[in-house]
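Notes follow the structure.
Read-outs throughout are calculated quantities, based only on the coordinates presented, and are distinct from any laboratory measurement. Worth saying up front: this structure is predicted, and the values here are computed from it rather than measured. In this analysis, Cβ positions are derived from the backbone assuming ideal geometry, glycine residues included, and neighbour counts consider all displayed protein chains.
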Amino acid sequence: MIGGTSSRLAALAAASFFLIAPVPLAVAQDAGDLLGRCQSEDVQSRQRVEACSKLVGDTKLEADLRAEALLNRGVAYEDLGKDAEALGDYTAAIALNPDYPAPYGYRGALHERLGRHDEAIKDHSVVLKLMPDDYDALHARGRSYLIVGNSKAALGDFEQLVRLDAKDPDALVGRAFAREDLGDKAGALADFKAALGIEPDNEDAKEGIERLRGG
């Protein structure tokens, strides 16, 4: 899901600075430098926040670019342990660019980490509306469905993941949990075994096989 962000950022930067925004070249270069620091994982989180904040506050920039800055500042805030600030930035990024899936994905992941699984499901569902085969969103929504007790919905997500990649051990384990919850012990056992064959150290698969075999 998020892996394409860097290339999209570059495309947005080029479009915003040189094709759309009527700003002088020097200003565009300054914004480009700020964007580089805002995005970079090699820059300390506090410095990323500072660079991103300058972009966020520049109302002359295109809304898409400011949304990218908010997204990256949210990531930096999470690194600093400032979850409330991160949540606010992801929400603000969505308001600026509601058709961009990444902020929903990051906000959903934050909700999941904080145990807010109903909210996580809502965000990941938006991602999947925009990108129906998004791996990260399917995995995350499937996990949250399992936790809230909606095993049938979880099974649907993990079935889709297995169709996309039958060699994904996490998808197989997720489907096994859903099948087990729904009473399909044989199907669950088969999935746990398949996952273990792909990833011999998968503890969930080992424990699942032991549990279904009666300890």
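Some points to look at:
- Taken about its Cα centre, the chain carries a charge dipole of roughly 280 debye when the Cβ of each Lys and Arg holds +1 and the Cβ of each Asp and Glu holds -1.
- For segment 150-215, the Stokes-Einstein estimate of translational diffusion at 4 °C and a viscosity of 1.567 mPa s comes to 115 µm²/s, using the Kirkwood hydrodynamic radius over alpha-carbon pairs.
- Convex hull volume per residue in cubic angstrom - Cα atoms of the chain: 128 Å³
- The residues packed around residue 152, meaning those with a beta-carbon under 11 Å from its beta-carbon, carry a net charge of -2 if Lys and Arg are +1 and Asp and Glu are -1.
- Low-density loop cleavage sites - trypsin sites (Lys or Arg not before Pro) in segment 119-173, where at most 14 other Cβ are within 10 Å (DSSP): 167
- Net +/- balance of residues flanking residue 89 in space, Cβ distance below 10 Å, scoring K and R +1, D and E -1: +1
- Counting only lysines at least 8 places from residue 167 when in the same chain, those with an alpha carbon closer than 29 Å to its own are 122, 129, 152, 185, 193, 206.
- Most mobile of 105, 149, 36 in a GNM of the chain (Cα contacts under 10 Å): 149
- Within the chain, helix-based [θ] at 222 nm, where runs of 4 or more DSSP H residues each add -39,500 (n - 2.57), nearest 500: -23500 deg cm²/dmol
- Computed magnitude of the charge dipole of segment 150-215 (debye, nearest 20; Cβ of K, R +1, Cβ of D, E -1): 320 debye
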